[in-house]
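K.L.:
Input: one structure, supplied below.
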Amino acid sequence: MRYLIVGGVAGGATTAARLRRLDEASEIIMFERGAYISYANCGLPYYIGGTISDRDKLFVQTPESFGKRFNLEVRTLSEVVAINCTAKHITVKDLRTGNTYTENYDKLVLSPGAEPVKPPLPGINMEGIFTLRNVPDTDKIKTYITEKNPRHVVVIGAGFIGLEMAENLHQKGLRVTIVEMADQVMNPLDYSMAALVHQHLKTKNVEFYLNTAVASFSKQHERISVLLSSSKSIETDMVVLSIGVKPDSKLAEETGLQIGQTGGIVVNEFLQTSDNDIYAVGDAIEFTNPVTRTSMITYLAGPANKQGRIVADNICMGNLRTYLGSINTAIAKVFDVTVASTGVAGKLLGKMNIPHIDSITHSSSHAGYYPGAVPMSIKISFAPDTGRLLGAQIVGFDGVDKRIDIFSSAIRNGATVQDLAEIEHAYAPPYSSAKDPVNIAGMVAQNILEGITRVISWRAVAACTSENNFLVDVRTPDEYQLGTIEGAVNIPLDEIRQHLDEIPRDKKLVVFCGIGLRAHVACRILMQSGFTEVFNLSGGLKTYETANQKQSNEDIFANDYIGHDDNIYQGAKEKAVLKPINMQKLHELDACGLQCPGPILKLKQTIDKLDVGEVVKIRATDAGFYKDVKAWANITGNELVELTQEGAQITAIVRRGEPVNKAIAQRNSNNATLICFSDDLDKALATFVIANGAIASGKKVSIFFTFWGLNVIKRQQKPEVKKDVFGKMFGMMMPQSSRKLGLSKMNMAGMGSKMMRMVMKDKHVDTLENMIQSALNSGVEFIACQMSMDVMGVKAEELIDNVQIGGVATYLERTENAGLNLFV
Ligand code: FAD
């Protein structure tokens, strides 16, 4: 028998090796277009990043060693350009010489893989723009980095490979910007799970845009300018395109083999194409997904390898083995988190109208009391009638791999959530808990399925109106004070039985806590007390907050301002000035493995026992602790001396402060904040009259200049600044400085403002310019809104001295401590 194989990497090489092991007498020739065979595609990003330092380690086999071991012929740089199914021969082009020749076959196996998608965008073929599929691509990227020493890279596409590249290039020392067209990274995940990845990326000093497409590339002073759909452009030194792959099925199509709707080669359960003597495997085939029963392509190494083995068996033994299909079990390391998925995500099930219920649980990687426990978030989707598991997603730090494999086996075997609840796992504190996170996910789902609890998603809660819904936060008052869902009433779990009369019976009750556990107990109390419409927020406040806050962070890098909704990143921006710590008075606390509010409660209990000035160093792994500890310290008058995050572990150093009166801490009437929005002379005057009056009466005053208000604080003599077209246009149309401001009413082409200035002079009222100067001299804080400056093309050099550039967050922080807040 004569077996020919097209493609010599994952699927092709596996098929060849297995064929030889089963049939020593056959003739086997493997054709590979490239120079290398059987290499580790999956290791390429790690070689680029330097984690794999030795290039040779990428090669599992060389053509020579493989040929020798399996007594077969490996022809590299040999492209199969045509297949004649009738004559049963292929045409091969020798890429060294350009010559073509034919080879006959008895059986042919196609494993041509997938090729990166490269849309026809202007400038896409420019130097410095790369895709990554194989070793030559890798070498090109490595060489470019060595020779050109790029400082910045734009990674386009935030799928598994895009994020692996982002991490590795970041590790290599490049500043990384990720641009993703969808509203989330990693498409196989549901949004709420991807949101966990977004929040993690924010802590890693990586810039990323969501909902943003790339429009074109152009050369800009030896750099690449990447124009985004938002009209913004990013200047960079290199670009990695990883916006997806498509099956390399051109040869099969030209041969007349059946191609499916997905563009993949259609195969039957024996992995035979529409021609009985041609089999196909790997990234190029489409196959029925066992969960959805629709045709799909799996771009993963595991299935390609397993299919290769099945095909070899079927060729040698006569269609003995059937392929059951892949459920897309995948895993990736994204900086410190591990992200994995198997089966079908809730959003895809929804799109396909497949009935399902989703449930989110948050657990620890192992027993909380054993050191090193870290959080793990799990989302599962299951059938509402039978409880059959349809999909699972995990984001965590440790032990994600073994849990996703359990879920994968469960889905493959048609297991139900009841089965998950009973899965027997090996347990000792360093490895798991007596109820493994997989069991917990199953138990919660079982409760849902059996009507013991009803869940509501974060999306549904976000859309809730107070008219028909009543939100109950069953956490402790301390936790409630750190932040809750708008409109929620705080009834701590341990007091709920005493407050049943205060809870309306004619409204839908949405009950929540940190992660859903205490809320479940509360729901059970309520349901057994006659409340009928009781729902537990799935995944608790952790999921709700993660999914509801700002997901991308493009504004941080470009403008150094942040939205107030960006709770996680705000903490990271603050560089605390370290006051000396008396090490003898340092108390160490380990709150790792404790879920919210555990770490805060532990910190509170310890700090309450300390003297003023004593310091606690606390380590925690609950992601929410990063935000909570800051808010808690503010509210309680303790000092957050340092806050750092390393992997999953958050370390806070907190100094015991004087106990504060909470009412005073929250609303310090000694401060005043004003927003100067308008550039009308009268309104600007009003702003400064109030500001100067307030500071004279002992208040600390901040003025936030936004939009037209920026014109009030422009210099009269401005330096030359470079502006784009819009900046120039705005510059021409807007007043050049405070002296050019008009009145809001009766301006009469400038006459009104001149008259106003004259009257002010007569009445010995200070000029606006004097008021501005005296405000500055008295210590009024001027904050110019960075976003408005960007929008209106105003440059920092155009503003008077002593103006800070800041964002909404800076302003809001000031308002939180102000008793007076005015918009002018
Ligand atoms: P390939 O392994 O791509 O092999 C196809 C080969 O066929 C190519 O070498 C090509 O040159 C050759 N060929 C094509 N047409 C012809 C022709 N006409 N004549 C001769 N030769 C031809 N999967 C995972 O499961 N986990 C991971 O972590 C992971 N990481 C990855 C990272 C990167 C950077 C890449 C690119 C892929 C990664 N994958 C990963 C995907 C995995 O590598 C593929 O799913 C797998 O290699 C597919 O096997 P295949 O045999 O179908 O195709």
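K.L.:
Could you look through segment 230-252, keep only residues that are away from the ligand (no atom under 12 Å from the Cβ) and outside any strand (DSSP E or B), and pick out the one that is nearest to Arg175 (Cα to Cα)?
P.N.:
Of everything passing the filter in segment 230-252, Asp237 is nearest to Arg175 (Cα to Cα).
K.L.:
Another one. Restricting to segment 481-491, what's the tally of residues that are open to solvent by 50 Å² or more (accessible area, probe 1.4 Å) and within 20 Å of Leu526 (Cα to Cα)?
P.N.:
2
K.L.:
Within 29 Å of Tyr323 (Cα to Cα) and either touching a His at 6+ places or on another chain (Cβ under 8 Å) or not small (Gly, Ala, Ser) (or both) - does that describe any residue in segment 439-456? I'd like the intermediate steps shown before the answer.
P.N.:
First, the residues of segment 439-456 that are within 29 Å of Tyr323 (Cα to Cα): 442.
Right, trim to either touching a His at 6+ places or on another chain (Cβ under 8 Å) or not small (Gly, Ala, Ser) (or both) and you get none.
No, the conditions are met nowhere in segment 439-456.
K.L.:
Here is a further query. Among the numbered conditions (1) surrounded by 18 or more Cβ atoms within 10 Å (Cβ to Cβ); (2) within 23 Å of Leu820 (Cβ to Cβ); (3) of a type in the set (A, V, I, L, M, F, W, C), tell me where Val765 comes up short.
P.N.:
So Val765 meets the others, but not (1).
K.L.:
When both residues are 6+ apart or on different chains and their Cβ atoms are under 9 Å apart, which pairs have a first residue that lies in segment 796-808 and is within 14 Å of Ile703 (Cβ to Cβ), and a second that is acidic (Asp, Glu) and at pLDDT below 85?
P.N.:
Cβ pairs passing all conditions: Ile805/Asp560; Gly806/Asp560.
K.L.:
While we're looking at this one, here's another question. Is one or more of the residues making up segment 132-150 within 26 Å of the chain's Cα centre (by Cα) and within 20 Å of Ala330 (Cα to Cα)?
P.N.:
Yes; the residues of segment 132-150 include at least one that is within 26 Å of the chain's Cα centre (by Cα) and within 20 Å of Ala330 (Cα to Cα).
K.L.:
Give me the pairs, please: first residue somewhere in segment 269-291 and in contact (Cβ under 8 Å) with a residue 12 or more places away in the chain, second residue anywhere and charged (D, E, K, R) and within 16 Å of the ligand (Cβ to nearest atom), beta-carbon distance under 7 Å, and either six or more positions apart or on two chains.
P.N.:
Here the result reads Ala284/Asp248, each pair linking segment 269-291 to a residue that is charged (D, E, K, R) and within 16 Å of the ligand (Cβ to nearest atom).
K.L.:
In addition: Being out of contact with any helix residue (DSSP H, G or I) (no Cβ under 6 Å at 6 or more places or on another chain) and away from the ligand (no atom under 15 Å from the Cβ) is the filter here; which residues of segment 4-28 pass it?
P.N.:
Taking segment 4-28 and keeping what is out of contact with any helix residue (DSSP H, G or I) (no Cβ under 6 Å at 6 or more places or on another chain), we get 4, 6-9, 12-13, 16, 21, 24-27.
Hits for segment 4-28 are Arg21, Glu24, Ala25, Ser26, Glu27.
K.L.:
With respect to Ile48, determine if the residue is surrounded by 19 or more Cβ atoms within 10 Å (Cβ to Cβ), at pLDDT 95 or above, under 27 Å from Ala332 (Cβ atoms) and within 15 Å of the ligand (Cβ to nearest atom). Full working, then the answer.
P.N.:
Numbers: surrounded by 19 or more Cβ atoms within 10 Å (Cβ to Cβ): yes; at pLDDT 95 or above: yes; under 27 Å from Ala332 (Cβ atoms): yes; within 15 Å of the ligand (Cβ to nearest atom): yes.
Against the criterion (surrounded by 19 or more Cβ atoms within 10 Å (Cβ to Cβ), at pLDDT 95 or above, under 27 Å from Ala332 (Cβ atoms) and within 15 Å of the ligand (Cβ to nearest atom)), Ile48 qualifies.
K.L.:
Follow-up. Please specify each residue of segment 785-802 satisfying the condition of being modelled with pLDDT under 85 and not in a loop (DSSP other than H, G, I, E, B).
P.N.:
Cys785, Gln786, Met787, Ser788, Met789, Asp790, Val791, Met792, Ala796, Glu797
K.L.:
Can you find, within segment 120-133, the residue that is nearest to Leu227 (Cα to Cα) among those that are assigned to a loop (DSSP other than H, G, I, E, B) and within 11 Å of the ligand (Cβ to nearest atom)? If you could, list the steps in order and put the result at the bottom.
P.N.:
Initially, segment 120-133 is screened for residues assigned to a loop (DSSP other than H, G, I, E, B), giving 120-128, 132-133.
Still in the list and also within 11 Å of the ligand (Cβ to nearest atom): 132-133.
Numbers: Leu132: 22, Arg133: 25 Å.
Applying the filter and picking the extreme gives Leu132.
K.L.:
Picking from Ala304, Ala312, Ala345, which residue would you name as being crowded, with 24+ Cβ neighbours inside 10 Å, among the aliphatic types (A, V, I, L, M), closer than 22 Å to Val438 by Cβ and in contact (Cβ under 8 Å) with a residue 60 or more places away in the chain? Quick ask: steps written out before the conclusion?
P.N.:
Details: Ala304 fails: closer than 22 Å to Val438 by Cβ; Ala312 fails: closer than 22 Å to Val438 by Cβ.
Unique residue meeting the criteria: Ala345.
K.L.:
Filtering segment 29-42 down to residues that are within 8 Å of the ligand (Cβ to nearest atom) and outside any loop (DSSP other than H, G, I, E, B), which residue is most open to solvent (accessible area, probe 1.4 Å)?
P.N.:
Cys42
K.L.:
Just checking, which of Leu174, Leu169, Leu121 is more than 24 Å from Asp54 (Cβ to Cβ), open to solvent by less than 50 Å² (accessible area, probe 1.4 Å) and of a type in the set (A, V, I, L, M, F, W, C)? It would help to see each step written out before you state the result.
P.N.:
Working: Leu174 fails: more than 24 Å from Asp54 (Cβ to Cβ); Leu169 fails: more than 24 Å from Asp54 (Cβ to Cβ).
After applying the criteria, what remains is Leu121.
K.L.:
Just give me the residues in segment 590-617 being within 20 Å of Asp336 (Cα to Cα) and aliphatic (A, V, I, L, M), in sequence order.
P.N.:
Ala591, Leu594, listed by residue number.
K.L.:
If I filter segment 262-285 for residues that are under 18 Å from Ile411 (Cβ atoms), within 13 Å of the ligand (Cβ to nearest atom) and surrounded by 20 or more Cβ atoms within 10 Å (Cβ to Cβ), do I get at least one hit? Spell out how you get there, then give the answer.
P.N.:
Pass one, segment 262-285, residues under 18 Å from Ile411 (Cβ atoms): none.
Within segment 262-285, not a single residue is under 18 Å from Ile411 (Cβ atoms), within 13 Å of the ligand (Cβ to nearest atom) and surrounded by 20 or more Cβ atoms within 10 Å (Cβ to Cβ).
K.L.:
Being open to solvent by 10 Å² or more (accessible area, probe 1.4 Å), at positive phi, modelled with pLDDT of 95 or more and within 16 Å of the ligand (Cβ to nearest atom) narrows it down to one of Asn319, Asn328, so name that one. Show your work before the answer.
P.N.:
Working: Asn319 fails: within 16 Å of the ligand (Cβ to nearest atom).
Result: Asn328 is the single residue among Asn319, Asn328 that is open to solvent by 10 Å² or more (accessible area, probe 1.4 Å), at positive phi, modelled with pLDDT of 95 or more and within 16 Å of the ligand (Cβ to nearest atom).
K.L.:
Something else: Take segment 238-252 and flag every residue that is touching a residue at least 12 places away in the same chain (Cβ under 8 Å), open to solvent by 20 Å² or more (accessible area, probe 1.4 Å) and out of contact with any helix residue (DSSP H, G or I) (no Cβ under 6 Å at 6 or more places or on another chain).
P.N.:
Within segment 238-252, Ile243, Gly244, Val245, Lys246, Leu251 qualify.
K.L.:
Here is a follow-up. Considering only segment 134-202, give the helices (runs of 4 or more DSSP H) lying wholly within it that have at least 1 residues that are of a type in the set (Ser, Thr, Tyr). Full working, then the answer.
P.N.:
Values: elements: 135-148, 160-171, 191-202.
Qualifying helices (runs of 4 or more DSSP H): 135-148, 191-202.
Matching residues to (1) more than 25 Å from the chain's Cα centre (by Cα); (2) within 30 Å of Ile805 (Cβ to Cβ); (3) open to solvent by less than 30 Å² (accessible area, probe 1.4 Å):
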position: Thr465; (1), (2), (3): yes, no, no
position: Thr476; (1), (2), (3): yes, no, no
position: Leu493; (1), (2), (3): yes, no, yes
position: Gly514; (1), (2), (3): no, no, yes
position: His520; (1), (2), (3): yes, no, no
position: Met527; (1), (2), (3): yes, no, no
position: Ser538; (1), (2), (3): no, no, yes
position: Glu545; (1), (2), (3): no, yes, no
position: Glu554; (1), (2), (3): no, yes, no
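K.L.:
Are any residues in segment 728-758 in a loop (DSSP other than H, G, I, E, B), open to solvent by 100 Å² or more (accessible area, probe 1.4 Å) and on the phi < 0 side of the Ramachandran plot, and if so, which ones?
P.N.:
First, the residues of segment 728-758 that are in a loop (DSSP other than H, G, I, E, B): 734-737, 741, 743-750.
From what is left, the residues that are open to solvent by 100 Å² or more (accessible area, probe 1.4 Å) are 745-746, 748-749.
Matches in segment 728-758: Lys745 only.
K.L.:
What number of residues in segment 215-229 are more than 17 Å from His152 (Cα to Cα) and either in a strand (DSSP E or B) or in contact with a helix residue (DSSP H, G or I) (Cβ under 9 Å, 6 or more places away or on another chain) (or both)? Let's see the steps before the verdict.
P.N.:
Of the residues in segment 215-229, the ones more than 17 Å from His152 (Cα to Cα) are 215-216, 229.
Filter once more, keeping what is either in a strand (DSSP E or B) or in contact with a helix residue (DSSP H, G or I) (Cβ under 9 Å, 6 or more places away or on another chain) (or both): 215-216.
The qualifying residues number 2.
The values are calculated or read from the model by the stated rules, or taken from the named source; none is laboratory data. Everything quoted here is computed from the prediction, not taken from an experiment. Glycine also receives a Cβ, built like all others from the backbone with ideal geometry; neighbour counts cover every protein chain displayed. Just so you know, the surface numbers come from the protein's heavy atoms only, side chains and all, with ligands and any DNA or RNA stripped out. Shrake-Rupley method; radii C 1.70, N 1.55, O 1.52, S 1.80 Å.
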